[in-house]
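Notes follow once the structure below has been shown.
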Amino acid sequence: MRNSRVREAVAQGRTVVGAWVATGSGYVAESLSHAGYDAVTIDLQHGMFGFDTLVPLLQAVSAGPAEPWVRVPSLEAATIGKVLDAGAYAVIGPGVDTPQQAADFVAALRYPPLGRRSYGPARAALQGGPDYLARANDEVMGWAMIESAPALAAVREIAATPGLYGLFVGPNDLAMSIGVEPGRPTPEVDAAWAEVLEAAHSAGLAAGSFCGDAATARRLADQGYDLVVPMNDIMLLRAAAAESLAVVRGDQPSATAESLTAVRGNQPSAGPESLTAVRGDQPSATAESRTAVRGGHETDTGGGY
Ligand code: 3PY
Ligand code: MG
């Protein structure tokens with residue numbers, strides 16, 4: 001089984017940047033895997049596709065250098081086991097509100113004696129190789145999503161769960177749960193981000209978050225977040241489309257563009273500029289950015305996880 005490059009990067013103190021697939025397009029998943037992101041998450045919770053699309057999407061991610069991750073639709077153990085069998089290197093579990101849910105989540109991710117994952121590594125063993133079974137418990141990452149007021153209240157107890165890899169903030173659900181509008185920065189969500197970061201790092205866990213725009217991702221990275229996910233694929237497409245239309249028409253931004261600007265508090269961008277804005281480095285794209293992203297270590301070009 002290949003070492004998780006994300007684990008290695010986080011251990012070295014580098015912020016990793018994730019992409020997020022909601023469209024269900026293999027072409028998009030493959031393109032994002034080649035675009036310089038460290039991991040590409042297939043979103044089975046809010047993505048517009050069903051479970052049967054998962055394997056082709058993971059194969060598409062594996063055609064490039066990014067790590068294939070999955071956000072499961074729920075904390076159901078059978079689903080968690082199945083996405084791992086399909087080859088996910090990390091599972092992002094939504095709505096982990098209690099320490100018990102966190103413990104059950106970790107148990108679903110790990111083979112006995114550490115957990116209750118059932119044997120049947122199907123595609124994971126093909127992709128991971130003959131040592132998959134021996135190494136899966138050490139390599140596979142579980143990110144517990146903190147996205148409600150009860151989760152925030154119990155964040156330290158959740159962070160104390162043995163075997164958990166990281167806490168991952170869902171800022172939109174969290175905003176709604178604490179009574180503020182989702183989709184725009186607020187002092188309440190900023191405070192929650194700081195609290196989750198502190199709880200994660202005090203417990204020796206990684207801290208990650210979904211972000212509504214690249215500027216927020218950059219800000220969280222500067223604050224010490226180990227993983228940031230600036231927008232999903234359809235958000236990137238919509239933002240790039242709105243920008244392009246505004247330039248071509250040379251007129252008022254369209255309704256979409258306007259609302260995007262409002263959501264972002266005037267931050268431009270997305271699209272190709274998104275990774276650059278998050279990382280504050282050279283424009284992205286192919287091999288060059290991958291080298292920069294991976295700290296000078298060029299990867300095998302086509303090969304992935
Ligand atoms: C949230 O913001 O609630 C999320 O789950 C991000 O995908
Ligand atoms: Mg959510």
Using amide H atoms built 1.01 Å from N in the peptide plane, name the residues 5+ places from Gly170, or on other chains, whose amide H lies under 5 Å from its own. Ile146, Glu147
Added length on full extension, which subtracts the Cα-Cα distance from 0.36 nm per residue, Leu245 to Asn172: 23.5 nm
Least to most buried among Arg218, Arg110, by other C-beta atoms within 10 Å and fewest first, runs Arg110, Arg218
In whole Å, how far is the Cα centre of segment 47-68 from that of segment 1-38? 12 Å
FRET efficiency, Asn137 to Ala191 (Cβ-Cβ, R0 41 Å, nearest 0.05): 0.70
Each residue of segment 81-97 in turn: what ³J(HN,Hα) in whole Hz from Karplus with 6.51, -1.76, 1.60 and θ = phi - 60°, glycine and Pro shown as x? x, 5, 5, 5, 4, 7, x, 5, 7, 9, 10, 9, x, x, x, 8, 9
With Rh as the Kirkwood radius over Cα pairs, segment 5-231 has Rg/Rh of 0.94
Around Glu67, which amide H atoms from residues at least 5 apart in sequence, or from another chain, sit under 5 Å from its own amide H, with H modelled in the peptide plane? Ala39, Val40
Roughly how many whole Å is it from the C-alpha centroid of segment 100-136 to that of segment 157-200? 27 Å
Please give the direction-averaged projected area of the C-alpha convex hull for segment 62-155, in square nanometres with one decimal. 6.1 nm²
Can you put Arg238, Arg71, Arg5 in order, fewest other beta carbons within 10 Å first? Arg238, Arg5, Arg71
Taking 0.36 nm per residue of separation between Arg156 and Asp222 and subtracting their Cα-Cα distance, the length gained on full extension comes to 21.5 nm
From the backbone phi of segment 108-113, what are the Karplus-calculated ³J(HN,Hα) couplings (6.51 cos²θ - 1.76 cosθ + 1.60, θ = phi - 60°) in whole Hz, Gly and Pro given as x? 5, 8, 10, 6, x, x
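We did not get these values from a lab; they are worked out from the coordinates using the rules stated. Keep in mind it's a predicted model, so treat the numbers as computed, not measured. All Cβ positions, glycine included, derive from the backbone under ideal geometry; neighbour counts span all protein chains shown.
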